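Colleague: Here's a structure for you.
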Amino acid sequence: MKKVFPILALLTAIFLSYALYDALIVAPREQTMGDVQRIFYYHVPSAWTAFLLFFLNFLASLQYLVRRNPGTDKVANWLLITIAALSCVAAAVIGFVPSLKSALPESIQLSSIATTGPIIAGFYFLVRRLFSLEGVDALAVTTAEVGVVFCTVVLVTGPLWARPVWGIWWTWDVRLTSTLVLWLIYVSYLVLRRFSSSGQTPVLAAALAVFGALDVPLVYFSIWIFRTQHPQPVIGGGGSIDPRMLHVLLINWLAFLCFAGLVCWSRYRLELLKRQVEETQALEALLEPRSAVR
Amino acid sequence: MNFLYAAYAATWAIHIGYLITVARRYARLKREIDDMSRKDS
């Protein structure tokens, strides 16, 4: 593993440089906004990466809560299987009933309804298979921390785009405000983990994360549900995009995903190592007074 | 153009800043491990 990491880091650095070149040089210049539109190639992939990390944090936190009790664990497994099946059945029913299909908003595709449940269940069982109980707790801390970093990038690059395009740095719009609230929720999660020394901290933090994750769909769907100043989504929404721009956007997202994966890997190892050291120090502290007595 | 460069620079400043904090935490942990192994020996 120690040999693989530097190679992957080098490949990711090359990929990020290529993605930067694509964003600055290859992508066509947007006609109305000009070059400032290129901020989009960093802003949107960072937002998607943050959402993915918060989703993983939600799954890890949920598993930390349910796996501590075998009964709850079994119920959660069956619930996830039911959600996956219901999602497919709902898509099939809507597809066969024209009145239901016409009532569906244009931006929501039947395929997205059919795949959402199985994707959530798939990720849930993948995390369950790959990580132990201690591992899911470490994964939750890791994804929350790296997710906050990506969400900070979103909150910084957004106003830098808004100032020349809208003429203002910030507006208390639903999309912007819910993103700020999301960032604050996960910052409070990290503060709780950092400064609370109680044995119940992982459980409290997991509960906070499960409820905090409810803000992620609110942020994502806010532009469909509410009237907002934020541009419409370019994929699966009301907006449209030049195919060359879409290509550059996806390249940048892939590069940022690789980068986030490496950072998470590194941070996860640090978290496990920190716990091992803390355990050893606690054991030594227990043994020291006895040796002093002797 | 200045806003574009500012956004890209800010993005990398945030990421590099975070990587530095992770590296510093690694270094501190490594020092603690070295101290512990020195005590043991």
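Every read-out reported here was derived from the displayed coordinates using simple, explicitly stated rules and does not represent laboratory data. Here the structure is a predicted model, which means the values were calculated and not measured. Here the Cβ positions follow ideal geometry from the backbone for every residue, glycine too, while neighbour counts run over all protein chains shown.
Colleague: What list of ³J(HN,Hα) values in whole Hz, one per residue of the stretch A:257-269 in order, does the Karplus curve 6.51 cos²θ - 1.76 cosθ + 1.60 (θ = phi - 60°) give from phi, with Gly and Pro shown as x?
Modeller: 5, 4, 4, 4, x, 5, 5, 5, 4, 5, 5, 5, 4
Colleague: Turning to a different aspect of this structure: Which ³J(HN,Hα) values, rounded to whole Hz and listed in residue order, are derived for the stretch A:39-53 from phi using the Karplus coefficients 6.51, -1.76 and 1.60 in 6.51 cos²θ - 1.76 cosθ + 1.60 with θ = phi - 60°, glycine and proline given as x?
Modeller: Karplus-based 3J(HN,Hα) across the stretch A:39-53 equals 4, 3, 6, 9, 5, 5, x, 5, 5, 4, 5, 4, 4, 4, 5 Hz.
Colleague: For each pair in A:LYS3/A:LYS274; A:LYS3/B:LYS39; A:LYS74/A:LYS274; A:LYS3/B:LYS30, compute the distance between the two Cα atoms and list the pairs where it is over 25 Å. Intermediate values should be presented prior to the final figure.
Modeller: Details: A:LYS3/A:LYS274 22 Å; A:LYS3/B:LYS39 30 Å; A:LYS74/A:LYS274 31 Å; A:LYS3/B:LYS30 19 Å.
Over 25 Å Cα-Cα: A:LYS3/B:LYS39; A:LYS74/A:LYS274.
Colleague: Of A:GLY117, A:SER61, A:ILE168, which is farthest towards the positive pole of chain A's charge dipole, taken about the Cα centre with +1 and -1 on the beta-carbons of Lys, Arg and Asp, Glu respectively?
Modeller: Of the listed residues, the answer is A:SER61.
Colleague: Each residue of the stretch B:8-25 in order: what ³J(HN,Hα) in whole Hz does its phi give by Karplus 6.51 cos²θ - 1.76 cosθ + 1.60, θ = phi - 60°, with x for Gly and Pro?
Modeller: Coupling constants for the stretch B:8-25: 5, 5, 5, 4, 6, 5, 5, 5, 5, x, 5, 4, 5, 5, 5, 4, 5, 5 Hz.
Colleague: Quick one: net charge of B:ARG28's neighbours, Cβ under 12 Å, K/R +1, D/E -1?
Modeller: Values: positive: A:LYS274, B:ARG24, B:ARG25, B:LYS30, B:ARG31; negative: B:GLU32, B:ASP34, B:ASP35.
Every neighbour counted, the sum reads +2.
Colleague: Taking every pair of distinct Cα atoms and averaging 1/r, then inverting, what Kirkwood hydrodynamic radius in Å comes out for chain B?
Modeller: Values: mean 1/r = 0.0802 Å⁻¹.
For chain B, the Kirkwood estimate is 12.5 Å.
Colleague: How big is the dipole moment of chain B about its Cα centre under a simple scheme where the beta carbon of each Lys and Arg is +1, that of each Asp and Glu is -1, and everything else is neutral? Debye, nearest 20, please.
Modeller: On the way: 7 positive and 4 negative charges, 17 e Å.
Here the size comes out at about 80 debye.
Colleague: Taking R0 as 22 Å, what FRET efficiency do you get between A:LEU250 and A:SER112 from their Cβ-Cβ distance, rounded to the nearest 0.05?
Modeller: Result of the calculation: an efficiency of 0.80.
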